[in-house]
Amino acid sequence: ALQFLSVMSHCVLESNTITCSSVISACEKSGEWEKASHLFTSMMQVKMELDTIAFNAVISACEKGSEWEKALRFMSLMMLSEVECDATTFNAAISACEKGGEWEKALQVFRMMPQSKIELDTITCNAAISACEKGNEWEKALQLVRVMAEGEVQTNTITFSAAISACEKDGDWEKGLHLFDQMAHSKLEPNTITFNATISACENDGEWEKALQLFHQMAEGNLECSKT
């Protein structure tokens, strides 16, 4: 703790934004969001110039610590300070909301991207879909999959796994199976999570024949079956 305070004091006294941003990033990587936040606040107090890298570092630190409220607070401050947001800013903020189970907040941030002229990417969309899945919002999860297709944003196994899980929670095996089939058309390989979610969706709706078929397909692919 004393070593950190010494490093922090040195950064602030030297008024070196690059050094401070590096220290904040180091805190983020080690899961020390509170230290990252404390250093960033000290930078503000001495009126140090804050740039995109510094803001992204502290927002990412809050995301890693599942501190969605603080992540959004820093993002709001970033916009008020007229510091340019980029894809990293939005990805971290949406992921923070996803981890905090705040699907509505995640979608609010997601919808701000076009206004900021930030192109959607796979990471951003997947985080938003995962947030909807955790919030049992399967319709919104599927809507985001369509947004990806319309915007020619590349989907991956994570995209479909999260969307299928959302359908599974709603008990809609047909939509889950449709997404599963879409993966084959997209030349994507389903993983254990994808299979388990699709099998659970079929099982929950009494479609045991389809569940068994998927189970055999999973075994043929040498994938580990769920223990639950």
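A count restricted to the stretch 105-121 and to residues that are among the charged types (D, E, K, R) and not in a loop (DSSP other than H, G, I, E, B) stands at 2.
Does Ala184 meet the test of being open to solvent by less than 50 Å² (accessible area, probe 1.4 Å) and part of a helix (DSSP H, G or I)? Against the criterion (open to solvent by less than 50 Å² (accessible area, probe 1.4 Å) and part of a helix (DSSP H, G or I)), Ala184 does not qualify. Cβ-Cβ distances below 9 Å connect the following pairs, each with a first residue in the stretch 100-116 that is at positive phi, a second residue that is surrounded by 13 or more Cβ atoms within 10 Å (Cβ to Cβ) and in a loop (DSSP other than H, G, I, E, B), and a separation of six or more residues or different chains: Gly101/Gly135. Does Gly100 fit the bill of being under 16 Å from Glu63 (Cα atoms) and either among the acidic types (Asp, Glu) or out of contact with any strand residue (DSSP E or B) (no Cβ under 8 Å at 6 or more places or on another chain) (or both)? Here the answer is yes, as Gly100 does meet what is asked. Among the residues making up the stretch 123-181, those that are open to solvent by less than 70 Å² (accessible area, probe 1.4 Å), of a type in the set (S, T, N, Q) and in a helix (DSSP H, G or I) are Thr124, Asn126, Ser130, Thr157, Thr159, Ser161, Ser165. Checked against the criteria, Gly221 does not count as touching a Ser or Thr at 6+ places or on another chain (Cβ under 8 Å) and over 18 Å from Glu98 (Cβ atoms). Taking the criterion of being more than 14 Å from Val23 (Cα to Cα), crowded, with 17+ Cβ neighbours inside 10 Å and among the charged types (D, E, K, R), the residues of the stretch 34-87 that qualify are Glu63, Lys64, Glu67, Lys70.
The values are calculated or read from the model by the stated rules, or taken from the named source; none is laboratory data. The structure presented is a predicted model; accordingly, all values stated were derived computationally and were not measured. When we count neighbours, we look across all protein chains shown, and the Cβ atoms used for this are built from the backbone with ideal geometry, even at glycine. With ligands, DNA and RNA removed, areas are computed over all heavy atoms of the protein, side chains included. Shrake-Rupley method; radii C 1.70, N 1.55, O 1.52, S 1.80 Å.
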